[in-house]
Every structure is written in structure tokens, then in C-alpha cells.
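The values are calculated or read from the model by the stated rules, or taken from the named source; none is laboratory data. The model shown is predicted, which means the values in this text are computed figures rather than measured ones. Note: ideal-geometry Cβ built from the backbone for every residue, glycine included; neighbour counts use all protein chains shown. Just so you know, the surface numbers come from the protein's heavy atoms only, side chains and all, with ligands and any DNA or RNA stripped out. Shrake-Rupley method; radii C 1.70, N 1.55, O 1.52, S 1.80 Å.
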Amino acid sequence: MNNKKFQKSKVFTISFAHLAHDTYSSFLAPLLPLLIAKLEMSLFMAAFLDIARRIPALFNPFFGLIAEKTGVKYFVILTPAITAISMSLVGLATSYAMLFILLFVAGISAALFHVPSPTMIKESSGNKVGTGMSFFMVGGELARTVGPLVATAGVSLWGLEGIYKLMPLGIIASIILYIKLKDFDTNRPMTKPKEKG
């Protein structure tokens, strides 16, 4: 995008996406003691769960290649719902393997979100990239504060197994993002024109 104007609406929308996504990503820490008790995990097994969530980040270069060849906006639109579904189901996990898979899926979703979203912020911020990234980072940091509060509130209301009821909030967030970002222009030159001589 060649528009140098700061597009406030798009910057705020992508920052909201960061808030919605990372709120669910931060569920694990407050739920971990309950999950350890439920599944009778050792400390090693519990520690490995966070590794399972972070392993997909190793594939970021590969995800970047995919993002360059597809509509990057759909990664940002869909991943809050995917992360919300997987993280809201951890309370229903009946085995360590099931819990591991749910967290691994959430990790893939997080990687797919965080690869293209800064690029979209850059394209929406015009010549105020620093300001745009500041709003984006506020969304992520606020999520790390709100997420554990939302998770503990869900447990207080419905118990560990009932936190799946938090899932619709993430799905609604993705619907809002689709409405707001469906016309986001991600068409840009993929490669530099070849120079002769």
C-alpha cells in the first residue's frame, strides 16, 4: 500500500485482534495448577506443555512463506477463533496427549497470527509505523493482563470443565475482524523487478 496516511480504524482493528488472540493464549498459566491436579502430571510434564505451545514458533520462516503467497489478512481474521477454541477446550482434556495436542494447535495458531499482523500494522500506519506498532503492542500486553482474569473468572463461574463457555467470545472476535478486514488490501509486489546489466 502506498498510502502514507495513518489509517486509524485499521490499526485499532488489528490491535483489537492482538488483544482477542493473546487473551486466550494467556489462559495456560492460571489453569496449570488445576490441570496438574486433574491429570496427575509431574512437574516435568507440566513444564513441557508450555514448550508444546512454543514449538510451532520454530516454523515461523515457513509460515512467512505461506503468508507471502496467500491472503495474510485471513490468518489475522481466523486465528483468534482457532486459539479461542483450542484454549477453551483444555479444561475438557481427559489425557495428557489430548492437552498436548490442544496446546500445540494453539501454538500453531499463535505463530500464524504473529507472522503477518505486524506487516498489516506497517501497511496501515503509513509514515507513523512507530505509533501503529505502539497500539499493536498495547493490545498484546493488555491481553496478558486480561487473559488470566478471564480464565479465572470462567473457572469460578463454571469450573475447569466449563471454561469452554468462553469460546464464543473468540469466535465473535473473528467475525468482527472479518467484517472490518475483509477489504484490507494486501496486494503488494512480492519480488523486486529484475534489473538488467
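In whole percent, and with a 1.4 Å probe on the protein chains, what portion of the accessible area of the chain is carbon and sulfur?
Of all accessible area on the chain, carbon and sulfur atoms account for 69 percent.
Positive end of the dipole of the chain, charges at C-beta (+1 Lys, Arg; -1 Asp, Glu), about the Cα centre: which of Gly130, Pro80, Leu31 has its Cα farthest in that direction?
Going by the Cα projections, it comes out as Gly130.
At a Förster radius of 30 Å, what calculated FRET efficiency corresponds to the Cβ-Cβ distance of Met45 and Ser134, to the nearest 0.05?
FRET efficiency, Met45 to Ser134: 0.20.
Any idea of the accessible area per residue across the stretch 36-182, 1.4 Å probe, to the nearest Å²?
About 50 Å² of surface per residue is accessible.
Lys38: which aspartates and glutamates have alpha carbons under 16 Å from its alpha carbon, excluding same-chain residues fewer than 8 sequence positions away?
Glu161
Using the Karplus equation 6.51 cos²θ - 1.76 cosθ + 1.60 (θ = phi - 60°), what ³J(HN,Hα) coupling, rounded to whole Hz, does each residue of the stretch 79-86 give in order, writing x for Gly and Pro?
Rounded to whole hertz, the list is 5, x, 5, 5, 5, 4, 5, 5.
On a straight-distance basis, which aspartates and glutamates could pair with Lys8 in a cross-link, Cα separation under 12 angstrom, same-chain partners fewer than 8 positions away excluded?
Glu123
Calculated from DSSP H runs of 4 or more alone, at -39500 (n - 2.57) each and per residue, what is the 222 nm mean residue ellipticity of the chain, nearest 500?
Mean residue ellipticity, 222 nm, calculated: -24000 deg cm²/dmol.
Take every Cα pair under 8 Å in the stretch 1-95 that's 6+ residues apart, average their separations, divide by the length, and report that relative contact order as a whole percent.
Relative contact order comes out at 54 percent.
Once you list every other residue whose beta carbon is under 15 Å from the beta carbon of Ser117, what net charge do they have if Lys and Arg are +1 and Asp and Glu are -1?
Computed value for this residue: 0.
Contour minus end-to-end for Thr94 and Val146, with contour as 0.36 nm per residue of separation and end-to-end as the Cα-Cα distance?
16.1 nm
What does the extension gain come out to for Lys122 and Ile66, with contour length at 0.36 nm per residue minus their alpha carbon separation?
Length gained, Lys122 through Ile66: 18.3 nm.
Kirkwood hydrodynamic radius, the stretch 19-156, all distinct C-alpha pairs: what's the number in Å?
Final number for the Kirkwood radius of the stretch 19-156 is 15.8 Å.
Could you work out how far helix 60-69 tilts from the main Cα principal axis of the chain, as a 0 to 90 degree angle to the nearest 10?
50 degrees
Using only alpha carbon pairs under 8 Å that are at least six residues apart, calculate the relative contact order of the chain and give it in whole percent.
That works out to 41 percent.
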